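For reference, the structure discussed in these notes is given below.
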Amino acid sequence: MSNAATPLILGEFRRAIDDRYRISLPSEWVTVLLEAGGPQCLLAKERPGSLSLWNSRHWGETVDQGVRLIETKIAAGRLAGQTDDLQRLGRLLSTRHRLVQIAGRGRLLIPEGFREFLGVEAGGEVFVVGAAVCLELWRPDAWLSYLDEQIPEFRQLYDSLSA
């Protein structure tokens, strides 16, 4: 993101997924995500049971820079002998993220492929969690498991980042 102070996306909400796999996002978060990025965001597969939603301009620039660097390394022969890793990276880049529209009233349609990764059926619930620089959607059991692992280290993490 830019060097200008950007408000952190913080909070936790439970939301239902409707029968069309749409979810309503908190309006104040939609404003931050769409700021200077147009009506689209980038949806990414993070960890099983979790998706993240990013400002498309920031994420797109980051991914494009990385891809250009890899293409330059390939052209220079610096990745010779790493075909397996390149193919693995290509597969993951092909499936990991996708541009999505945020519709009226902050509704997001979770696309096929992402639904299965998230692991929540239509009519189910997700946690919508602010992850400071992006918004995350979590399957409830995955979120609670993540919290069990991470909460004990909260104070140390907070102190190290705020010092």
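Values in this text are rule-based calculations from the coordinates and carry no lab data. In this text, all values refer to a predicted model and were calculated from it rather than measured experimentally. We place every Cβ from the backbone using ideal geometry, glycine too, and count neighbours over all the protein chains shown.
Some observations on this one:
- Tilt relative to the chain, helix 83-96 - C-alpha long axis, 0 to 90 degrees, to 10: 30 degrees
- A straight line joining the Cα centroids of the range 105-161 and the range 26-94 runs 19 Å.
- Peptide packing for 112-119, 133-140, 91-98 was compared via the average number of neighbouring C-beta atoms within 10 Å per residue; ordered from the highest value, the list is 133-140, 112-119, 91-98.
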